[in-house]
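What follows is one structure encoded as structure tokens, with my remarks underneath.
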Amino acid sequence: MKSLLFNKFAKFAMLRAVLLAILGIVTFLFPEFLLGGMVYVVAGYAIVNGAFGVTDFFQHKNKILKTANYVNIVITCLLIILGIISVIYYRHLVSILPVFLGGFMMVESIVYFANALFSDTKAKPFLIFLAVFIMIGGIASNIFTFGFGGIRTLSQIFGTLLLLSCVYELFIYIVQRRTVQ
């Protein structure tokens, strides 16, 4: 079961890594992007990840580990709902942008941490370290951007966290490719 969950996560790791790299670079270089379109991008990212999860559910719904598939479909449906709610309440989320983005990164780090625990690789400590570091960055995003640097600081913190998430996803992709070959 451990390797199945890891493989499910690794299935779209390269695509997520590319998206996170582009977002990280744009966010880091253009702080005004946070106020303009970042909420929509995060919502789209959640909806796309949810769609991948739904697709994966229907491809594997008759397999042995039905419990893991049902947990997967619940999580992916929650992702899609989060994305839709984020689009609907865009104006409200922009007013609490550091909390929204920090919370997003903290949830992402929890997913990364759980995935690292399910991996059967020698890289498990490194994956756990990255997940914890991303969690700390999400917390810092919540704390330090309120009165401690404004949008520029938030842009740098969040852009760096997106690039670290990209590294995590690339590492997952490489580890999974090595185990397949």
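See the values below:
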item	result
Test: residue in region 170-180 that is surrounded by 18 or more Cβ atoms within 10 Å (Cβ to Cβ) and at pLDDT below 85	yes
Test for V26: is it over 12 Å from the mean Cα position of the chain (by Cα), open to solvent by less than 70 Å² (accessible area, probe 1.4 Å) and over 27 Å from I96 (Cβ atoms)	no
Residue check for Y45: modelled with pLDDT of 80 or more, farther than 16 Å from S165 by Cβ and assigned to a helix (DSSP H, G or I)	no
Flag if I157 is open to solvent by 10 Å² or more (accessible area, probe 1.4 Å) and within 18 Å of F30 (Cβ to Cβ)	yes
Count - residues of region 112-134 that are open to solvent by 70 Å² or more (accessible area, probe 1.4 Å) and in a helix (DSSP H, G or I)	7
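The values are calculated or read from the model by the stated rules, or taken from the named source; none is laboratory data. The shown structure was predicted, so the numbers you read here are calculated from the model rather than taken from an experiment. Because the Cβ atoms are built from the backbone with ideal geometry, glycine has one as well, and the counts that use them run over all protein chains shown. The area values use the complete protein model at the heavy-atom level, side chains included, leaving out ligands, DNA and RNA. Shrake-Rupley method; radii C 1.70, N 1.55, O 1.52, S 1.80 Å.
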